[in-house]
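The values are calculated or read from the model by the stated rules, or taken from the named source; none is laboratory data. Remember, predicted model here, so these are calculated numbers, not experimental data. Here the Cβ positions follow ideal geometry from the backbone for every residue, glycine too, while neighbour counts run over all protein chains shown.
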Amino acid sequence: MFKFVHCADLHLDSPLRGLSNKEDAPEDQIRSATRKALLNLVDLCIEEGVNFLVIAGDVYDGEWQDYSTGLFFNSCMAKLSDRDIPVYLISGNHDAASNISRRLVLPQNVIQFSVDAPETYVIDDLGVALHGQGFKHREVRENLALSYPPAVPGYFNIGVLHTSADGREGHETYAPCRVEDLVEKGYDYWALGHIHKREVLHENPYVLFSGNLQGRHIRETGEKGCTLVTVDGGRVTLEHRPVDVLRWHECLVDLSDAHTDDDFTSLVSEAMDDVTAKNAGYPLALRIRLVGTTQLHGRLREDMEKYHNEVRNAAAMVAQDLIWIEKVKFDTRPWANRSQEVGGDALAHLLKSIDAAAKDPDFLNQFFAQMKSVQQKLGSYIKSMDATRLNSVEDVLSLLDDAKEILITRSTDGRLGE
């Protein structure tokens, strides 16, 4: 019986993305998250008494800004060396040989596979053979798996590969291959990297992406970590183990039943309560997406700044210091046919004019062009208000819908003259 950990895509010291204009962003916490996740990985390996660690590419996020990134990684590997735990790693597209010019000598327990051709390393006392090849250049378009060597007879064979497999949305197509290509090698386990979401592609033998150790932005949501593999008499058991320290989530809030600001706050708080309960003790970076056909639609669009801060206020009440609101998306819709409920000839005429404008392609295109010019001039003034930006004619139609809803809401509330 032996155990090993399969991980990938550490992206140590990955730069912050899109946070420079967010004054309340916990930059230090996010900046240090990849390092803390690696420390948790090392602790897990030691606590579980694993026989070795496999890293399937992208230890780094690209060229080091300074030597501290390499020094930190080596210090973590040295802790494993003290426990006689070897580490087998390959380079991926982000830390391809051509990408990294600064280098430090690796600790003796770290074995890095060649980038020129597949290599095989054997651990005789465990009866294990590991096969792998790293990326020489960032963009590897050929199927590396085809040139991997045959399985070593009588050994537990592990393939280590950084690949997009048969393609995954949001990831570049690097070292593409079919699952059948991997299975046909006759290996007992394939440790894959590059795709940041954990996924088992095949069982018997297992072929899987372990996912990345730590989510770095809103497109990397949920629990992140590594896979603990136990091999006992040829029987393979997998366990996903979280090692992340901060989690990103998109939180959907359905406002269909909301009629007042108190309803709004209650529904937002309930959604946040649910997410925090499922991630007890973890700091959370939340994107709140407000959806549903709701009576509040007009008020939300009329004063997005107020409701954005209502969301932030609710977050502080639900879990002080544990929730950061990355963004609030206003995707609600107005009630259907509410214009029929509103009296007044002048307002009815105005609403009809808006409907007519929405059906006039020339008007929509001219309005879009003019508003793009205005946006460029206002620039920094609207920078933080994503919902005010018009990126297509479809956004103009949405804006006209919002205008109708605001007029109807104000008429209903007796505020049309404000």
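Only residues that are closer than 22 Å to Gly132 by Cα and aromatic (Phe, Trp, Tyr) were counted across region 70-93, and they come to 2. Of everything in region 235-275 that is over 20 Å from the mean Cα position of the chain (by Cα) and touching a residue at least 40 places away in the same chain (Cβ under 8 Å), the residue that is farthest from Gln214 (Cα to Cα) is Asp261.
His196 passes every criterion in (1) surrounded by 18 or more Cβ atoms within 10 Å (Cβ to Cβ); (2) not in a loop (DSSP other than H, G, I, E, B) apart from (2).
For the structure I just gave you, tell me whether Val229 is modelled with pLDDT of 95 or more, crowded, with 21+ Cβ neighbours inside 10 Å, under 25 Å from Asp321 (Cα atoms) and out of contact with any Lys or Arg (no Cβ under 6 Å at 6 or more places or on another chain). It is false that Val229 is modelled with pLDDT of 95 or more, crowded, with 21+ Cβ neighbours inside 10 Å, under 25 Å from Asp321 (Cα atoms) and out of contact with any Lys or Arg (no Cβ under 6 Å at 6 or more places or on another chain).
Of everything listed in (1) of a type in the set (A, V, I, L, M); (2) in contact with a Lys or Arg (Cβ under 9 Å, 6 or more places away or on another chain); (3) buried (at least 20 other Cβ atoms within 10 Å of the Cβ); (4) not assigned by TED's automatic domain parsing to the domain that holds Asn51, the single unmet condition for Met272 is (2). So is Gly215 under 24 Å from the mean Cα position of the chain (by Cα) and part of a loop (DSSP other than H, G, I, E, B) or not? Criteria met by Gly215.
For region 162-184, filtering for residues that are part of a loop (DSSP other than H, G, I, E, B) and closer than 21 Å to Phe4 by Cα leaves 1.
Rundown of residues vs (1) at pLDDT below 95; (2) in contact with a Ser or Thr (Cβ under 9 Å, 6 or more places away or on another chain), yes/no style:
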{"site": "Ala165", "(1), (2)": "yes, no"}
{"site": "Arg178", "(1), (2)": "no, no"}
{"site": "Lys185", "(1), (2)": "no, no"}
{"site": "Ser210", "(1), (2)": "no, yes"}
{"site": "Gln214", "(1), (2)": "no, yes"}
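What's the total number of residues in region 138-172 that are of a type outside the set (Ser, Thr, Tyr) and under 24 Å from Arg235 (Cα atoms)? Adding up the residues that qualify gives 12. Kindly establish whether Glu119 is of a type in the set (D, E, K, R), surrounded by 16 or more Cβ atoms within 10 Å (Cβ to Cβ) and within 30 Å of Pro176 (Cβ to Cβ). In short, yes. The criterion of being surrounded by fewer than 15 Cβ atoms within 10 Å (Cβ to Cβ), out of contact with any Lys or Arg (no Cβ under 9 Å at 6 or more places or on another chain) and within 17 Å of Asp61 (Cα to Cα) holds for Arg219. The conditions of being touching a residue at least 40 places away in the same chain (Cβ under 8 Å), of a type outside the set (Lys, Arg) and closer than 24 Å to Thr230 by Cβ are met by Val128. Looking at Ala165, Ala191, Ala175, can you tell me which residue is touching a helix residue (DSSP H, G or I) at 6+ places or on another chain (Cβ under 6 Å) and of a type in the set (Gly, Ala, Ser)? Residue meeting the stated conditions: Ala175.
If only residues of region 282-311 that are within 22 Å of Ala25 (Cα to Cα) and without any contact (Cβ under 8 Å) to a residue 24 or more places away in the chain are counted, the one that is surrounded by the fewest Cβ atoms within 10 Å (Cβ to Cβ) is Lys306.
The criterion of at least 3 residues that are hydrophobic (A, V, I, L, M, F, W, C), within 26 Å of the chain's Cα centre (by Cα) and at pLDDT 65 or above is met, among helices (runs of 4 or more DSSP H) falling completely within region 289-388, by 304-318. If you go through region 82-100 and pick out every residue that is at pLDDT 95 or above and more than 17 Å from Cys7 (Cβ to Cβ), you end up with 2. Identify, by number, the condition in (1) without any contact (Cβ under 8 Å) to a residue 60 or more places away in the chain; (2) closer than 16 Å to Lys327 by Cα that Ile218 doesn't meet. Single failed check for Ile218: (1).
Pairs linking a residue in region 1-19 that is modelled with pLDDT of 90 or more to a residue that is in a strand (DSSP E or B) and of a type in the set (D, E, K, R), with Cβ atoms under 7 Å and 6 or more positions apart or on different chains, are Met1/Asp232.
Residues of region 103-125 that are within 19 Å of Val231 (Cβ to Cβ) and out of contact with any strand residue (DSSP E or B) (no Cβ under 6 Å at 6 or more places or on another chain): Ile123, Asp124, Asp125.
Any residue that is crowded, with 16+ Cβ neighbours inside 10 Å, under 19 Å from Arg241 (Cα atoms) and polar (S, T, N, Q) - is there at least one of those in region 57-80? Within region 57-80 (the criterion being crowded, with 16+ Cβ neighbours inside 10 Å, under 19 Å from Arg241 (Cα atoms) and polar (S, T, N, Q)), the answer is no, since none of the residues qualifies.
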